[in-house]
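Participant: Submitted below is the structure of interest, expressed as structure tokens.
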Amino acid sequence: MYTVGCYLAARLSQIGLKHHFAVAGDYNLALLDQLLSNKDMVQVYCSNELNCGFSAEGYARANGAAAAVVTYNVGAISAFDALAGAYAENLPVILISGAPNSNDNGSQHILHHTIGTHDFTYQLEMAKRITCAAVSITSAIDAPALIDHAIRSALRARKPAYIEIACNLSNQPCAAPGPISAVLCPEPSDAETLEAAVTAAAAFIASKQKPVILIGSKLRAAGAESAAVDLANALGCAVVVMAAAKSFFPEDHPQFAGIYWGEVSSPGAREIVDWADGVVAIGTVLNDYATVGWTAIPAGANVLNADIERAYFEGHDFGRIHLRDFLSALAKEVVKRDSTRVEYERQRPQPTVQKAADPSARLMRAEIVRQLGPMVNAQTTVFAETGDSWFNGMKLALPGGARFEIEMQWGHIGWSVPSSFGYAVGAPKRRVITLVGDGSFQLTAQEVAQMIRRKLPVIIFLINNSGYTIEVEIHDGPYNNIKNWDYAGLIDAFNAKDGKGRGLRATTGGELAKAIETALANSDGPTLIECVIERDDCSPELLSWGHQVAIANARPPMPDR
Ligand code: TPU
Ligand code: MG
């Protein structure tokens, strides 16, 4: 005998979820009971719904999909921020919200947690704008079809979906789930279009002498990372990766030519893209940040754009072809064109061994990055928060197997703490290292307590530079100063009597080295290392990037008439 809640649990489990994230509220308590009755899934609690949404977002980064369960309005509207983030970042997060009793629909009742009118539709309407599917379950008979529709849409589109369930329905009987293939069934590429696209693309590439491959963040969403390696191998050219896609192409691959990010690219990468006569742009997202305030946009006749379900270039536009199918088939058709790789070999920067700072000298940003480098191995996943952590993270050379997570399109400060928590829940065998600024940390700090609760050995490098340095470099003012906290001391407050988190402070290179040793030895909980540096001690890339972004932001309005 299935109920609506058990049906939902079965479907979430069948798509591969071993956990779901939740914050309790009276609109979802009965639903949480139903979900708990599924022994294949663990319910993981969060401190607030924004964090719950970001935890699910991080879980989806590790596991391909995720679910978060929240209460009506007061919970769900907080979670919407993270849900919109999942949309921006192409992650299928299923947000499930408890909702008013079905008998209250159309009544003149005023319900708690609402804006106090008789309208119970606005949450669903809001959800429709930031998901690929949003459904409201007010009848047990329709529940299986609506649940399947929402989950199927999310998995296909790699976008979030929303399901609200009236609070008196989750324990009502409904049909048993049929085969999961009906939910997973991918829409195949259109075979004829695929063939035409591949023929035209192979001809386009053959017409170029110096093509380069540019990897963007939608590559992973499309499940096409290994297909991109196949294409690179066949073409033999240099491969550059956008910042938002770091680690989506292996950095130990012989054709890897660095991070392309306009004037803040890694050495040699920009020169190779500038020199190329054709760019195969795969899953790229060219926003103002990624293009350094519109100063570096590969566009025009020399660009072949391969998107998740579309390829367009030089008078062609092919739809209904999957990126993975397109890249794999193209790999079999392309001619070898390796001149950008050969040229990059000449330009390739020699690995420099940075000198260790005097262990008793005041800690500097460059020394933090130097000490971070050797910590990254095949099992590591690095999270880089908005702020100078982005630029510090870019400097890490990733060995094969290392992963890198960044939220460059949504760019919500505070994302990294809950997202790395969710990721660590989903990928317990990986070593998660989170780079986060003091300003960002203050938004979502509570979720460190959940890392403590679940004994997750996440290592947090909290860069305390006394403020919003990224904003300082874009446009400074008193609003970029923040209240200092005792960040290391905070961990003891979170530990209370039973926690095993560690909070350490490093003000010199020597203290940092010791703190890293302690962190690596602490397997019973997170370790936060507060790295204290000066306010203006930032990466040179942030200076240049901030300058260009400030110019782009300050463009005067077009004349009215
Ligand atoms: O390393 P640093 O100092 O640059 O990083 P920190 O201390 O984390 O400061 C980040 C400053 C920042 C702000 C205030 N970066 N972006 N913003 C704007 C912003 C405000 N609110 C949200 C939710 N997201 C944002 N990106
Ligand atoms: Mg800061």
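The values are calculated or read from the model by the stated rules, or taken from the named source; none is laboratory data. None of these values were measured; they are calculated from a predicted model. Cβ: placed from backbone, ideal geometry, glycine included. Neighbour counts: every protein chain shown.
Participant: Kindly evaluate Val229 against the criterion of being without any contact (Cβ under 8 Å) to a residue 40 or more places away in the chain and surrounded by fewer than 23 Cβ atoms within 10 Å (Cβ to Cβ).
Facilitator: yes
Participant: Further, regarding this structure: Could you pull out every one of the strands (runs of 3 or more DSSP E) wholly within segment 4-95 that has 1 or more residues that are in contact with an Asp or Glu (Cβ under 8 Å, 6 or more places away or on another chain)?
Facilitator: Where strands (runs of 3 or more DSSP E) fall fully within segment 4-95 and carry at least 1 residues being in contact with an Asp or Glu (Cβ under 8 Å, 6 or more places away or on another chain), they are 66-70.
Participant: Follow-up. So which helices (runs of 4 or more DSSP H) stay within segment 400-491 end to end and still have 2 or more residues that are touching an Asp or Glu at 6+ places or on another chain (Cβ under 8 Å) and more than 8 Å from ligand 1 (Cβ to nearest atom)?
Facilitator: Qualifying helices (runs of 4 or more DSSP H): 416-426.
Participant: When Asn464 is evaluated against the numbered criteria (1) closer than 27 Å to Ala257 by Cβ; (2) within 16 Å of ligand 2 (Cβ to nearest atom); (3) of a type in the set (S, T, N, Q), which criterion, by number, is the only one it fails?
Facilitator: For Asn464, the failing item is (1).
Participant: Do we have Ala515 as within 16 Å of ligand 1 (Cβ to nearest atom) and surrounded by 16 or more Cβ atoms within 10 Å (Cβ to Cβ) here?
Facilitator: Against the criterion (within 16 Å of ligand 1 (Cβ to nearest atom) and surrounded by 16 or more Cβ atoms within 10 Å (Cβ to Cβ)), Ala515 does not qualify.
Participant: Would you say Gly437 is crowded, with 24+ Cβ neighbours inside 10 Å and within 13 Å of ligand 2 (Cβ to nearest atom)?
Facilitator: Considered against the rule, which asks whether it is crowded, with 24+ Cβ neighbours inside 10 Å and within 13 Å of ligand 2 (Cβ to nearest atom), Gly437 comes out as yes.
Participant: Identify, from the list Ser419, Ser466, Ser360, the residue that is small (Gly, Ala, Ser) and under 21 Å from Ile482 (Cα atoms).
Facilitator: Ser466
Participant: Now for a separate question. Inspect segment 482-497 for any residue being away from ligand 2 (no atom under 13 Å from the Cβ), of a type outside the set (S, T, N, Q) and in contact (Cβ under 8 Å) with a residue 60 or more places away in the chain and give the result as yes or no.
Facilitator: Checked against the condition, which is being away from ligand 2 (no atom under 13 Å from the Cβ), of a type outside the set (S, T, N, Q) and in contact (Cβ under 8 Å) with a residue 60 or more places away in the chain, segment 482-497 yields no hits at all.
Participant: Can you pull out the residues in segment 67-82 that are farther than 18 Å from Asn28 by Cα and either without any contact (Cβ under 8 Å) to a residue 12 or more places away in the chain or touching a Ser or Thr at 6+ places or on another chain (Cβ under 9 Å) (or both)?
Facilitator: Of everything in segment 67-82, just one residue is farther than 18 Å from Asn28 by Cα and either without any contact (Cβ under 8 Å) to a residue 12 or more places away in the chain or touching a Ser or Thr at 6+ places or on another chain (Cβ under 9 Å) (or both), namely Ala82.
Participant: Can you pull out the residues in segment 127-169 that are more than 22 Å from the chain's Cα centre (by Cα), without any contact (Cβ under 8 Å) to a residue 12 or more places away in the chain and in a helix (DSSP H, G or I)?
Facilitator: Matches in segment 127-169: Ala145 only.
Participant: Does at least one position in segment 164-180 carry a residue that is out of contact with any helix residue (DSSP H, G or I) (no Cβ under 8 Å at 6 or more places or on another chain) and under 25 Å from Asp81 (Cβ atoms)?
Facilitator: For segment 164-180, residues out of contact with any helix residue (DSSP H, G or I) (no Cβ under 8 Å at 6 or more places or on another chain) and under 25 Å from Asp81 (Cβ atoms): absent.
Participant: While we're here: Under 8 Å by Cβ, and 6 or more places apart or on different chains, what pairs join a residue from segment 402-415 that is among the β-branched types (Val, Ile, Thr) with one that is modelled with pLDDT of 95 or more and part of a strand (DSSP E or B)?
Facilitator: Ile406/Phe383; Ile406/Ala384; Ile413/Gly437
Participant: Given the residues Glu164, Glu187, Glu195, which is the only one that is among the charged types (D, E, K, R) and closer than 15 Å to Ser328 by Cα?
Facilitator: Of the residues listed, the single one that is among the charged types (D, E, K, R) and closer than 15 Å to Ser328 by Cα is Glu195.
Participant: When you look at Asp537, is it out of contact with any Leu (no Cβ under 8 Å at 6 or more places or on another chain), in a loop (DSSP other than H, G, I, E, B), closer than 17 Å to Met364 by Cβ and within 16 Å of ligand 1 (Cβ to nearest atom), yes or no?
Facilitator: Taking the combined requirement at face value, the residue satisfies it.
Participant: Sticking with this one: Restricting the search to segment 344-374, which residues are of a type in the set (Lys, Arg) and outside any loop (DSSP other than H, G, I, E, B)?
Facilitator: Passing the criteria: Arg346, Arg362, Arg365, Arg370.
Participant: Scan segment 57-72 for residues that are touching a helix residue (DSSP H, G or I) at 6+ places or on another chain (Cβ under 6 Å) and more than 10 Å from Pro160 (Cα to Cα) and jot them down.
Facilitator: Gly58, Tyr59, Arg61, Ala62, Asn63, Ala68, Val70 - these are the residues of segment 57-72 that are touching a helix residue (DSSP H, G or I) at 6+ places or on another chain (Cβ under 6 Å) and more than 10 Å from Pro160 (Cα to Cα).
Participant: Another question, if that's okay. For segment 377-388, which residues satisfy the criterion of being within 16 Å of ligand 1 (Cβ to nearest atom) and closer than 18 Å to Gly422 by Cβ?
Facilitator: The answer is Val382, Phe383, Ala384, Glu385, Thr386.
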